[in-house]
Amino acid sequence: MGTKRMNASRRNFLKKSAALAGTILATSALAPFNAIIFAAGEPEDKTKIWYGIGIDIEKCIGCGMCAKACKSENNVPKEPFYYRSWVEQYTIKNDGSINVVSPNGGIDGFTQTVPEEELFKTFFVPKMCNHCAKSPCTQVCPVGATFESPEGITLVDKEYCIGCAYCIQACPYGCRYLHPVTKTADKCTLCYHRITKGLKPACVEVCPTGARIYGDLNDKEGELHKFLKEHNCQVLKPNLNTGSKLFYNGLSAEVR
Amino acid sequence: MPVQLKTLIPLFAVFIILFLIARHFLIPDSFGKYGHYRANSIDEIAALPINYAGKAVCIDCHDTEAELLASDAHAGLSCEVCHGPNAKHADDYEIKEYLIKQGTREFCGRCHSLNPARKIEVINQIDIKEHHPEKENCIDCHNPHAVWELKE
């Protein structure tokens, strides 16, 4: 009786082990489909272009030219609330209160109305699409209209988009909007039509202080690599594990 | 085999075939080439027209201005920061609709007005109301291409 039970449990153990091993083997066969099952992540080929952006907050003077140029370059609706790129002014007072303003996305410029003696600190934060390697926005698209391109740029296929706005809800950085005319999702393309022609993105082109840098993260000699090496950079909301490729130098903890 | 299955199996087969035919026509050609999206849309986005020509194109023709610009504090600036997007002007010299020529206090003040959020080591700032109130515009004294070559 005792031996019989032992045998039965051994058989069970072997069965379960075999099932486990089989499942692991079967799952490993799915590896080529990782891009579909999980977010794409970094490409395995380190020799290919993998775009990233660097923003130096210490150099930003809040002129809003980037936000203005973005609208002109990409024919973004002129009304407020439609932005691919915008600038925020943070004002932290001595009493600890934090105030963030972005009048017309910073396109008309900024003024600081808080008197200097009440100020703890104040600075500008230019915002744009983070071109995440594990984009929350592309994962929720029900039709495959938004995606991470092989170069690591998050794009929208406006012919295929059905305008359900799930991606707009999913973006933790608020970088998408529903285009009022086409009724499709729209967002920063890192001026894909410019960088593929060898030009800089419009916001980088017009930045008067050189606060914006874009480039290939895999290029170890590149400008962006140098920027990341020489500055202590941080991404926005690192806790969300979005794989953001927008790196800020001088990012204050108050920035959300 | 039960008689129900004999009728249901061909019916299911027809549905599956119809589904596959419809799927074949509904899914665009390039869908799934790189991932779960239409690969052709990448080329469509890349083919969009540009509006900012870039500094290299501007200084091709406007070499005197470029030389003057390179000699002074605004050397790092791209032409289209102040002049606006001019790819159309670069294609056809006669199109000048977007060429901005203004040196008003408000315009220059976008960068140079006092703001505690601006670091003084990054940019020179002035009180745009108090700075030489007898003059109307910044360009009355400053040449934007060579800022410190002051007029009068």
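The values are calculated or read from the model by the stated rules, or taken from the named source; none is laboratory data. Just so you know, these numbers come straight off a predicted model, no measurement behind them. Glycine also receives a Cβ, built like all others from the backbone with ideal geometry; neighbour counts cover every protein chain displayed.
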### Task
Taking the options B:H83, B:H62, B:H145, B:H89, name whichever one is within 12 Å of chain A (Cβ to nearest Cβ) and within 27 Å of A:K71 (Cα to Cα).
B:H83
### Summary
If we keep only residues of segment A:194-218 that are in contact (Cβ under 8 Å) with a residue 24 or more places away in the chain and among the charged types (D, E, K, R), then the residue farthest from the other protein chains (Cβ to nearest Cβ) is A:D216
### Task
Look at segment B:44-94 and say how many of its residues are in a loop (DSSP other than H, G, I, E, B), of a type in the set (A, V, I, L, M, F, W, C) and in contact (Cβ under 8 Å) with a residue 40 or more places away in the chain.
1
### A:E117 vs. criteria under 30 Å from A:V181 (Cβ atoms), modelled with pLDDT under 95 and either of a type outside the set (F, W, Y) or touching a strand residue (DSSP E or B) at 6+ places or on another chain (Cβ under 7 Å) (or both)
no
### Message
Can you tell me which condition B:G109 does not meet? The list is (1) modelled with pLDDT of 90 or more; (2) assigned to a loop (DSSP other than H, G, I, E, B); (3) within 23 Å of B:Y52 (Cα to Cα), and all the others hold.
### Response
(2)
### Message
Yes or no: segment A:161-175 includes at least one residue that is within 13 Å of another protein chain (Cβ to nearest Cβ), more than 18 Å from A:C60 (Cβ to Cβ) and touching a strand residue (DSSP E or B) at 6+ places or on another chain (Cβ under 8 Å).
### Response
yes
### Task
Residue by residue through segment B:65-80, note down the ones that are facing chain A (nearest Cβ under 7 Å) and crowded, with 17+ Cβ neighbours inside 10 Å.
B:L77, B:S78, B:E80
### Summary
Exactly one of A:C132, A:C137 is part of a helix (DSSP H, G or I), within 26 Å of A:V255 (Cβ to Cβ), away from chain B (no Cβ under 11 Å) and of a type outside the set (D, E, K, R), and that residue is A:C137
